[in-house]
Amino acid sequence: EHAYSEALRLFPENQKRAEAAYGVAWSLFEQKKFSSSAGAFDRFQKEYPSSGHLLDAALRKADCYFFLGQYDRSSALYAELASTKTDNRTVEYAAFQLAMSYIQRGESERGIAQLREFLLSHPASIYNEVVQFNIGWELFSREQYSLAIPELQTVMQRYPESQLMPRVLFNMGDCFYNLKEYDDARAYYQRVIKEYPQSLLVSDALNGLQFTFERQGRPASGLAEIDTLLATKAIQAPTGELLMRKGDILFGQGDFAGAIREYQRALAARPARAAAAKALHQLGRSYELQNNPQRAI
């Protein structure tokens, strides 16, 4: 930003002045200074109307307003760009962002309709898997779980190699969980753990597994599931975290001696600092409920 600004100040007649002005706007954008960046892109459009970067500047200005939460302004710009006869990639991106602007400003139905229209208008777009996922995600966010499930299943069927698959499977689990269909929910949580063992969602999927067993009054099955996972040693979740979950299940059952054993094993596994703090806290609570205040303290 500083270098481009200096170029503009020192060389007012230089033929690369337009490039420098564009560089200032982009530098501000990359620093997430979106208000200043929007102003810089706007000035660029007015001062260099014949630049080859004009279309990109318009897109980035719309993005600035989107990230600033000014969705009325972003949607107006995206709508204009989506209706222009420019390259397909620009039109597709603007059309997708227009839908997301509607959703972000609270016009959920209009946003979903725009996403569905996108799939019809751009059947070969690189954005289609993200568009399809967002239809499911928006319905999920509105707690319309029965409607979200077939939309997420469509992602699974059409884009089985998508990088979104761990998230799709996890959301499927959450849909069934909220519908109180715990066996189906558990099947999807298990798929996250087994098919994507390195995913950051494994920890959340473990939570889901634990909660489904608890809702069904089957804590022993939850313990057995964790023991199986401990034996495989194939998932991202550290041993200490799994032992903590065993401790929590036993704690919830009132088996404080068993919980103490698992929390101590979790500490012996040298977990991360936050996990160690939780284990110590839970140990204290367990000793307290065993009427051992000195150890609890």
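Remarks
- Rolling a 1.4 Å probe over the protein heavy atoms of the range 1-140, with every protein chain left in place, gives an accessible area that is 52 percent carbon and sulfur.
- In the context of the full set of protein chains, the range 105-224 has a per residue accessible area of 49 Å² (1.4 Å probe).
- Part-to-part distance (alpha-carbon centres) for the range 226-297 and the range 24-86, which is given in Å: 52
- Helix 128-141 axis, angle to the chain major axis (alpha carbon atoms, nearest 10°): 60
- Working from Cα pairs under 8 Å separated by at least six residues, relative contact order for the range 1-82 is 22 percent.
- Cα lying deepest toward the dipole's positive end in the chain, options Ala272, Ala58, His2, charges on Cβ: Ala272
- Protection proxy ranking of 114-122, 257-265 - average other beta-carbon atoms within 10 Å, highest first: 257-265, 114-122
- Over the chain, dividing the summed -39,500 (n - 2.57) contributions of all DSSP H runs of at least 4 residues by the number of residues returns a 222 nm mean residue ellipticity of -24500 deg cm²/dmol.
- Long pairs among Lys33/Lys278; Lys180/Lys246; Lys32/Lys278; Lys46/Lys85, criterion Cα-Cα beyond 27 Å: Lys33/Lys278; Lys32/Lys278
- Using a cutoff of 8 angstrom between alpha carbon atoms and counting only pairs six or more residues apart, the relative contact order for the range 22-176 works out to 12 percent.
- Taking a ≥ b ≥ c as the square roots of the eigenvalues of the alpha carbon gyration tensor, the range 218-297 is oblate, as a/c is not under 1.5 and a/b does not beat b/c.
- Once Rg and the Kirkwood radius are both taken over the C-alpha atoms of the chain, their ratio Rg/Rh works out to 1.14.
The values are calculated or read from the model by the stated rules, or taken from the named source; none is laboratory data. Note that the structure is a prediction, hence the values are computed from the model and not measured. Here Cβ is always computed from backbone atoms with ideal geometry, including for glycine, and neighbour counts include all displayed protein chains. Just the protein is used for accessible areas: all its heavy atoms, side chains included, with ligands, DNA and RNA removed. Shrake-Rupley method; radii C 1.70, N 1.55, O 1.52, S 1.80 Å.
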